[in-house]
Amino acid sequence: MIQAASLLAAEEGANPLLPHTYELVVGGFAFFVVLFVVGKILTPRIQKTLVERTDAIEGGIKRAEDAQAEAQALLKQYKDQLSEARHEASRLREEAREQGAQIKAELREEAQAEARRLVEAAHLQIEADRQQAFAQLRTELGRLSIELAGRIVGESLEDEARQRRTVDRFLEELESSNVAVR
């Protein structure tokens, strides 16, 4: 105890800023233990966690860049397909217009051909009707002329051959006088 008291007395006279030796030894030992634990156990774990986080972040960035590049490629592909579809639709519209014009022209041609056919048929019918009317008129004119001639001459012109000859002569004279007048 005396030694402790002398130590206390000596300590009272010592510099308060300087630590005691045993504190330095214990503090140094604790420092090296903490340094060892931190250096050998905690630092590798912290480094491992940092590396994992760095990889995760860089991997996430890489995945995001890849996803963005893929999205850009898909967008370009969709734009190309849309452009191609628009060109195809334009081509189909143009083909439809051309086909419509062709069908219209064909229908117009068919209608004109049908109109020509109808006009020709009408002309043929008119000609046939004219011929028939002319034949009926000739027969009627011949009958009337024979009747008139019979009244004028005073004899009967009932003989068929005679009637025909008389009618034919009369019509020939009539036609020749018509040709001369024209």
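Readers should treat all values here as calculations from the given coordinates under stated rules, not as data from a laboratory. All figures in this text were calculated on a predicted structure; none of them were measured in a lab. Quick reminder, even Gly has a Cβ in these numbers, built from the backbone with ideal geometry, and neighbours come from all protein chains shown.
Points worth noting:
- Cβ-Cβ FRET estimate between Glu88 and Ala113, R0 fixed at 45 Å, reported to 0.05: 0.80
- Segments 104-110, 169-175 sorted - mean Cβ within 10 Å per residue, highest first: 169-175, 104-110
- Lysines whose Cα lies under 26 Å from that of Lys48, excluding same-chain neighbours fewer than 8 positions away: Lys40, Lys62
- Label zone at Ala64, where the point sits 7 Å out along the Cα-to-Cβ direction: the stretch 41-58 residues whose backbone N lies under 17 Å: 53-58
- Cα-projected label distance for Glu173 with Lys40, points at 7 Å along beta-carbon direction, nm: 16.1
- FRET efficiency for Tyr22 and Lys48, using Cβ-Cβ distance with R0 set to 22 Å, rounded to 0.05: 0.05
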